[in-house]
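As structure tokens, the structure follows; a few thoughts come after it.
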Ligand SMILES: [Zn+2]
Ligand SMILES: [Zn+2]
């Protein structure tokens, strides 16, 4: 059972990583004038869309998402609606946090918001896929004994990696090197993406090596 | 019961703190002594009379003589290394910087009696500003020239430009705008161009080229100075080995050719570099590539003798330009010059044309001037070693008699005389250079070593505070060893060298005591303690330590130092956010609402009931929002430094009196007054809600009257100083009076307040119950109801009355003896006992804060309010975190996270009160608050400016003990209620009285907290010391790192002093509390 779940997770993460790479490479081939620095916002949107679409589909196919309690269409619709709402609220939340951390308040609001969208699609969306629109559960997952399945542990690792990556991404901004990737928010979105990719790789590996210690009370 | 008489162990706490502080200071003293070269400026000016020949030709006025040259052109090519100027025709594949100035080589070979090329050796620091100062004053400028005011960089020492101006020569300047800041309004005409942007290779040079030729052809100049920057900037940007450097040097070649073509017969041309550059294009240090620039001297008429190979120097020190130029142009040598005339430019005695100075005469004038300067300097400053000074004096008196007898006999041309004059000048220069212009590597290394060991000792001290408090003898042996070592070093120096250098005694003392301390603590380790140590080491590897590491690392990069305000805010926010995430990770933030049947072995058993925990968690989140909000808002109060390109300083930094727009002025005033009022209200309201405002002590009087009154006088002072001069013309006298009286009244009130708080810090109100009330209370079923809730007087309804359990019991016992069996209520109620330590400390900080605000511009009231809010929020976050994660009520130790947060917040608000670690950003206006007419002494204004600059460090350091007290103040209320319902007998809320139960733990926790705080600051100081030592030759060392080091070091000293004040105040309060208990329960000696 362990092997199966880890294998499923590994392939799921491979698909996600591939989607990120494709979202970088494909537009570069297809769209003229596309470059990761030059049209950075476009790149962010590509990656966000790819990650959002692929995770939704993959998690739905894998059946990780908690099953709906009721099977009425209305309930499912309201759930979908709440998910979208949470997605948007999370974008606003990240935007606020970024501004509080020192992002320009007015000048480059669009850039900041794009980064917020990227962060949301890398972190919040995953929470939505694994736990459903339930903030209590989200908070619960991020405690030592809060993970109730392999996927919860994996969620902990990827989200932490993404956020830490974005945090580290802010470091080069004040340096006076005048490189194109030091422009806001390039380094942060790179950091977040690299963190996400690292998390995708690290989570199954870590779980594989610690599977003896991991005990989940109920699933 | 020994509780009531036991007091804290004040001696070990204070002595250990003092010891660690002084060790840190010794390290700083040593390092700064080796790194920051200090020289005293002599503000005297040479005059024409000084240059007279002694007693012989009184009629010959030096300035009216015929000078050798009437005009001079100084082409300064910044960073023109000597290799750039040499021309090697055999070099077939030159590198980009080689053979690019062929004009020099061609001229040297075609006109050997017209031109010379030398290596022009600069003295460190090889930075442009210091170099310009060096080759105009002829002195050896250091980083700090005492006497120069920090506010502007204008040169006040005697210099060439001033001397030229005095004899009426017209100096025209064009190029690097550093000159304009050094010599404001001294030039006949000046065309400065911006020099700051290192990436810009052409602005300055093109600007000069547009004007230089027309100026040269015109006739309104005598001395032309043109300072090209392109080569230097090219070096910084690309390094010397780059095609751009070839282009730049070829351009310079064309410039020199065109200038030479336009020279007149009586014009001297000097082409020179101010310093060299390393292979990476940097400069500032003392390697030969940085110091050796080129100097090329050319005259259209022949000046140089052909066969003088033995007199030709290869290397010309940079100081030598000043006396040479001065004597060639016929002006007195500037007073502080220590240079030596360049002999090849002067004819030997006997061969000179009428009026021109011969070599020996020039040397004699030069030697006399140098001797005059040396005498003056040694009378103002004592940094030249006395034996060297004595040697120079005897040398000069011998020379003097030699020269006079030779001139009487007409034997001036003797080569012995020439060489002995040269020897004298060289040895003066070498002595001065050894004193001023050399980093003392040994002192720097010694300082680094002492500082590093001090950090280690500080860490050990904070981890082993409990055992050290108990032992109590290590400090004695440490100080004895320190004194012994110091004396030993002094005696050894006395025997070996004949004089004592204090710094090495300090080094011996500090190092030996540190080593002894570390060795003793290492020896004292029992196996069990080793385990504990290991655990505490692992406890140190936390995000708090990581953030501290990042902070220290950020001090090693100039970009991060420039952006320090934002960097620190970023780190503060990150660390504050870490607290709830950490709590949540351990499942402590949210009470377990979902009911999964989990075994209690997995979950930590909740220390608090759910409702209390949720309340604590809500407080924590609310305070986190407050911290984040105030940190974010505090960014709007930042000032700007010149390196930050597009930066607007905060509007709140401008004083009201300078504001033009009336509406905005009023708005700012109202905002500031509101902030001040809220500041005062918040502190008083907190004290009232803790029941500390009911007593009749003088501290309460201070809180009730002096504190608000001083705020009012501050607000009035702002109003008066903000009124524009012309609005109330007939009241101008009154306004002038108020401008002096109001701030002085505030000073007086605040000083009185601080003194009163110190005299009697108790804020406890005692109510003796009448027997009737005692009867009434005895009817109430739970025994302690009376002490918690019911207070018969209306004005007491806010209070949290506290009864000290043990004291009550002892009184009960007494009553039992008297036979009053039915009595259950306590005989004495003491209100405000629960916050007996924190309330006076808070008030002290509040009063201090108003005093510091007085020294700031009005708008900073908002920043101070944010400071108070952030302080309170951090305290509450810390308290909630402690309460949520408290497993057992044991020691009072404060974890690292809040301490690091506290120290970071101090730096954060250093920036948010409009300060920057640069000298131009010092708010000199603070010295004139209440003293609009200026001062007579220097101590008072220096103190005021220091208080202004380090206001935030002072406030955070003084209030540091609050971190220890606050978790006790915020002890969860309902847990007490819940428990007291089950076990009323045992658990009464004790709050800070808990500390009195275990004075040893209290002392050790206080020591631990203060050493941790010192360690955080000490680590930052150590990092900036390392930055200064490692990056000695960085482009930004004198602009960024050295000022940062000085500010960090001063902040550390101020923090040390303030922390000691805060700790001493807590100890003072403790002794007052003990006395109070003794008075209350006199027969407690059981
Ligand atoms: Zn320079
Ligand atoms: Zn330079």
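General observations
- In degrees, nearest ten, helix A:2-30 long axis to first principal axis of chain A (Cα): 20
- The calculated FRET efficiency for the pair residue B:93 and residue A:183, based on their C-beta separation and a Förster distance of 30 Å, comes to about 0.15.
- Folded to 0 to 90 degrees: helix A:186-209 orientation relative to chain A principal axis, Cα: 30
- By the Cα gyration tensor, region B:203-330 has an equivalent ellipsoid whose semi-axes, rounded to whole angstrom, run 26, 22, 13 from largest to smallest.
- Over every Cα atom in region B:606-669, the radius of gyration and the widest Cα-Cα span, Dmax, amount to 20.3, 60 Å.
- With only the Cα atoms considered, region B:348-428 has a convex hull volume of 87 Å³ per residue.
- Calculated FRET efficiency, residue A:134 to residue B:185, Cβ-Cβ distance, R0 = 41 Å: about 0.05 to the nearest 0.05.
- Using a simple spin-label model with pseudo-atoms 7 Å out from Cα toward Cβ, residue B:660 and residue A:4 lie 7.9 nm apart.
- Length gained when the stretch residue B:556-residue B:997 is fully extended (0.36 nm per residue, less Cα-Cα span): 154.2 nm
- Mean-square fluctuations from a GNM of chain A, with a 10 angstrom spring cutoff on Cα atoms, peak among A:190, A:81, A:201 at A:81.
- Simple label model, 7 Å out from Cα along Cβ direction - residue B:1030 to residue B:266, nm: 5.8
- Hypothetical label at residue A:75: residues of region A:116-143 whose amide nitrogen lies under 16 Å (7 Å Cα-Cβ projection): A:132-134
- Convex hull of Cα atoms in region B:83-144, direction-averaged projection (nm²): 5.8
- Taking every Cα-Cα distance in region A:106-219 and sorting them into 10 Å bins from zero, the calculated P(r) comes out as 14, 38, 29, 14, 5, 0 percent.
- Using all pairs of distinct alpha-carbon atoms, the Kirkwood hydrodynamic radius of region A:2-209 works out to 17.8 angstrom.
- Residues B:254, B:189, B:1012 arranged by fewest to most Cβ contacts within 10 Å: B:254, B:189, B:1012
- Between helix A:109-122 and chain A: long-axis angle, C-alpha atoms, 0 to 90°, nearest 10: 30
- Residue B:936-residue B:473 pseudo-label distance in nm [points 7 Å out on the Cα-to-Cβ vector]: 5.4
- Region B:225-293 and region B:183-219 have Cα centres lying 15 Å from one another.
- Using the Cβ-Cβ distance between residue A:56 and residue B:636 with R0 = 45 Å, the FRET efficiency computed as 1/(1 + (r/R0)^6) comes to roughly 0.65.
- When chain A is treated as a Gaussian network with alpha carbon springs shorter than 10 Å, the biggest mean-square fluctuation among A:13, A:40, A:71 belongs to A:71.
- Zero-based 10 Å bins, Cα pair distances in region B:384-464, whole percents: 15, 27, 19, 14, 11, 8, 5, 2, 0
- When the Cα atoms of region A:17-121 are aligned to their principal axes, the ranges along those axes come out at 47, 36, 19 Å in descending order.
- Spin-label proximity, residue A:41 to region A:166-185 - amide N less than 16 Å from point 7 Å beyond Cα toward beta carbon: A:183-185
Taken together, the values in this text are just the output of simple stated rules run on the coordinates, not laboratory data. What you see is a predicted model, and the numbers here were worked out from it, not measured in a lab. Quick reminder, even Gly has a Cβ in these numbers, built from the backbone with ideal geometry, and neighbours come from all protein chains shown.
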